[in-house]
Amino acid sequence: MKANDLLVLANRNLWRRKGRTILTVLGMTIGTVSVIVLFSLGIGLAEWQRVSMEQWGSLNIITVSQAFFYPGMPEEERDKLRLLNEQAVSEIEAMPGVLGVAPAFTVGGEARKGRERGYLQLIGIEPGKMALMEFEPKAGRLLHDEDRYNVVAGAHVINNFMQLGRPGPAAVIGPPAGRDSLELLDQRLVLTLQNARGQKRRYTLNVVGILGPQFAERAHSVYAPLSLLREMHNFINQGAQPAQVHLVEPVNRQRDQAAGLQRVRRRERLELQYSFASVRTKSVEYTKQLGEELRQMGYQAHSIADQLEGIEQGTRTVQAVLGGIGAISLLVATIGIINTMVMSIYERTREIAVIKVLGASFSDIRGLFLTEAALIGLLGGILGLVCSFLLSLLINIYAGAAIGAGAMGPEAPPVRISVIPLWLTVFALAFSTTIGLIAGLYPATRAMRLDPVTAMRHY
Amino acid sequence: MAILALRDIVKKYRMGDSIVTALDHLSITVEDGEFVTVSGTSGCGKTTLLNIAAGLERPTKGEVRFRNVALNKLKEKDLVLFRRKFMGFVFQGYNLLPALTALENVALPLVFAGIARKERLARAMQALELVGLADRCRHKPMEMSGGQQQRVSIARALVNRPKIIFADEPTGNLDTRTSAEIVAHLKEAAKRDRQTVVLVTHDSNIAGIADRIIYMSDGRLVDE
Ligand SMILES: Nc1ncnc2c1ncn2[C@@H]1O[C@H](COP(=O)(O)OP(=O)(O)O)[C@@H](O)[C@H]1O
Ligand SMILES: [Mg+2]
């Protein structure tokens, strides 16, 4: 028997009992809808979390700094402590999955902008690495190699500045005060630094770019060429016991506690140590993996992706629970198909015997009933898919808007809480058809075994 | 030459604790092209005989030779091939598929034989013409009389151009005149293509047109 004849005949048989077939298909539809929609909620949840994480910082960047020494630190951890110096940067750069490393110095200080005064958090970066580190200006430009006193400011830096004479917090924490960040563009900021000897030095900085709204963690910093920051660092450290001294060689004995700082080996003290370094990775997977490796190596390393891991774990649990609930209704639908097929075989006992006498082989009969069951599954799958898309749309319109507003303020765009990716569509159709086939297995085998003699005996 | 030879066939059925002997050391030979009728009281084993001769059932003892092949030793898979190629069946209850039209019903054996749609519909149409029902080809079985349904089922038995046709009381549900007509159709077709017919009937009129009449009683031959 040819495949297309099989399909035509199976389809014909299916619609002899329209009501029953429709009800069975409906059962399958409900099963499919519950699986798809519940799955889509799990996927939507994960995607939404990812998007909200990405607003905070890049998933492809790890921030590495020297681990802190603390008194009473276990010896084996202390021995692992590493300096973040030139050599370390090139070591990290050579690790697989690393696209680039941008070492940075930070300096903080009071700055003036015309008649206003504010605290500046200055971060030095090699201008050529800004694009790699996913800096995006919303106005102006990023730094060039020739820039010396030009800087790029985060979107909320403007809110650090206050009119002279009025008291106020240096840095704004929480919702921004709402000044237009573009106000800062092309402005001069005058930063005054003081070193341990009490000497002062003035730097006049020119704002050539304002960062876009992405990566909230960068919004309060001002980015300057690394060479300028190195110079500032050297100035500040003149005459000072380097602040990082205790990082270099930790104090481990009681009697050293007072004199501990003097125990620093000269070579290490003079060595340049960066405040931190940004490591750009190839992908989120590498970010997670490299973060772990860097911590193993003795650095401090953190990234947005670290938090993603924990959240994803939670999401997976939610997905499994939702999927499980869907699976139950699918199981019920499967039993429905088996029931329908078994009933159909009871009704058609004589007919099956007749076609056996007329030359239908075992595989013809089995194929016929398997095809019928698979068709029920497929139809249920298609109908379920259509219903799922509608339901998903409704969920996104009503529940999504409410959740978006609840999480990110009234003007926030609606959250797509239910997401049906292509793979889920394909998977759902293949899955429902397979379920139909599995459900048809037992009835088809029964039909196959029926005795053809039944056709000849006239009861 | 004998197309069918049953030798010393015994068929026993288990009915709960007791054993029923449906065929009791029965031997028959049917010649190629012969039109044979089988008569006998109800329950004497006629249907059982037909089933065993067609390879639908296996004898408890004895040998069935069809064109010199021992059917009782063949596997189910090969028996199906034999049925498709060499055998046609007419049942007492017509046994047409209610979902299919007359034409589709006639073409059904060719579907299982894997013959392409166009060819099998053409052949089915020819067979319907042979029984005088070409104009009813689009009708469903429910829309036809008993006699017409049985003519469709005869067309179905003829469609694969079998060597032998087994008919089990094909006129059992029909009036005398229709019965005579139907059997005439069958005989005419069979004679033209030199097909062998084994036909079970109670009706002595019908038995009358046979080349040979076999009488059975209690699973044995009583007379020829
Ligand atoms: N499957 C079966 N199980 C038990 N007994 C059967 C079975 N088939 C037939 N018989 C018995 O075998 C005998 C012959 O039956 P059958 O060949 O149908 O007779 P006929 O067709 O001549 O009326 C009867 O006594 C019947 O009861
Ligand atoms: Mg009988």
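With contacts defined as alpha carbon pairs under 8 Å and 6 or more residues apart, what's the relative contact order of chain A in percent?
Relative contact order, chain A: 28 percent.
What does the C-alpha gyration tensor say about the overall shape of the stretch B:103-167? Classify as rounded when a/c is under 1.5, otherwise prolate if a/b is larger than b/c, or oblate.
Judged from the Cα gyration tensor, the stretch B:103-167 comes out oblate (a/c at least 1.5, b/c at or above a/b).
Distance between Cα centroids, the stretch A:88-127 to the stretch B:1-37: provide it in whole Å.
That distance is 101 Å.
Skipping prolines and chain starts, which residues have an amide H placed within reach, meaning under 5 Å, of the one on B:Gly62, given they are 5 or more residues away or on another chain?
B:Val10
Quick one: plug the Kirkwood hydrodynamic radius of chain B (C-alpha pairs) into Stokes-Einstein at 10 °C, 1.306 mPa s, and report D in µm²/s. Each step should come with its number before you reach the end.
Details: Rh = 17.8 Å.
Once the numbers are plugged in, D ends up at 89 µm²/s.
Which value in deg cm²/dmol, rounded to the nearest 500, describes the helix-derived mean residue ellipticity at 222 nm for chain B, given -39,500 (n - 2.57) per DSSP H run of n ≥ 4 and division by the residue count?
-11000 deg cm²/dmol
Starting at the first residue of the stretch A:115-125, write each ³J(HN,Hα) from the Karplus equation 6.51 cos²θ - 1.76 cosθ + 1.60 with θ = phi - 60°, in whole Hz, x for Gly and Pro.
8, 9, 10, x, 8, 10, 9, 9, 10, x, 9
Apply the Kirkwood formula to the protein assembly as shown: the hydrodynamic radius equals the inverse of the mean of 1/r over all pairs of different alpha-carbon atoms; give it in Å with one decimal.
33.4 Å
Taking every pair of alpha-carbon atoms in the stretch A:351-403, give the share separated by more than 16 Å as a whole percent.
62 percent
Sort the stretch B:9-74 into rounded, prolate or oblate with this rule: let a ≥ b ≥ c be the square roots of the eigenvalues of the Cα gyration tensor; rounded if a/c is under 1.5, and if a/c is not under 1.5, prolate when a/b is larger than b/c, oblate otherwise.
Oblate.
Using the Karplus curve 6.51 cos²θ - 1.76 cosθ + 1.60 with θ = phi - 60°, what ³J(HN,Hα) values do you get for each residue of the stretch A:18-31, in whole Hz, with x for Gly and Pro?
Running phi through 6.51 cos²θ - 1.76 cosθ + 1.60 with θ = phi - 60° gives 4, x, 5, 4, 4, 5, 5, 4, 4, x, 5, 4, 4, x Hz.
Distance from the Cα centre of the stretch A:346-369 to that of the stretch B:49-127, in angstrom?
12 Å
Can you list the residues, at least 5 places off or on another chain, whose amide H is less than 5 Å from the amide H of A:Ala67, using H built in the peptide plane?
Answer set, sorted by chain and number: A:Arg82, A:Gln300.
Using helices alone, I'd like the mean residue ellipticity at 222 nm for chain A: each DSSP H run of four-plus residues gives -39500 (n - 2.57), total over residue count, nearest 500.
On the way: 15 runs with 231 residues, N = 459.
It lands at -16500 deg cm²/dmol.
Can you put B:Arg117, A:Arg82 in order, fewest other beta carbons within 10 Å first?
Numbers: B:Arg117 14, A:Arg82 17.
Final ranking by Cβ density, sparse to dense: B:Arg117, A:Arg82.
Report, by chain and number, residues whose modeled amide H sits under 5 Å from the one on A:Glu126, excluding near sequence neighbours (fewer than 5 apart, same chain).
A:Leu226
Mind counting lysine pairs for me in chain A? Cα separation below 19 Å, and the two need to be 8 or more apart along the chain or on different chains.
Counting lysine pairs in chain A gives 4.
Over all residues in A:346-359, what is the mean tally of Cβ atoms on other chains that come within 10 Å of each residue's Cβ?
6
For each of A:Trp48, A:Trp15, A:Trp56, count neighbouring Cβ atoms within 10 Å of the residue's Cβ, then give the residues from fewest to most.
On the way: A:Trp48 19, A:Trp15 11, A:Trp56 14.
Fewest to most other Cβ atoms nearby, the residues stand as A:Trp15, A:Trp56, A:Trp48.
What is the mean number of Cβ atoms from other protein chains located within 10 Å of the Cβ atom of each residue in peptide A:13-23, rounded to a whole number?
Per-residue shielding by partner chains comes out at 1.
What shape does the stretch A:1-63 have by the C-alpha gyration tensor, where a ≥ b ≥ c are the square roots of the eigenvalues, rounded means a/c under 1.5, and otherwise prolate means a/b greater than b/c and oblate the rest? Intermediate results must be reported in sequence, preceding the final value.
Working: a/c = 8.88, a/b = 2.89, b/c = 3.07.
Taking the square roots of the gyration eigenvalues as a ≥ b ≥ c, the stretch A:1-63 is oblate.
Taken together, the values in this text are just the output of simple stated rules run on the coordinates, not laboratory data. Here the structure is a predicted model, which means the values were calculated and not measured. Cβ coordinates were reconstructed from backbone atoms using ideal geometry, including for glycine residues, and neighbour counts include every protein chain displayed.
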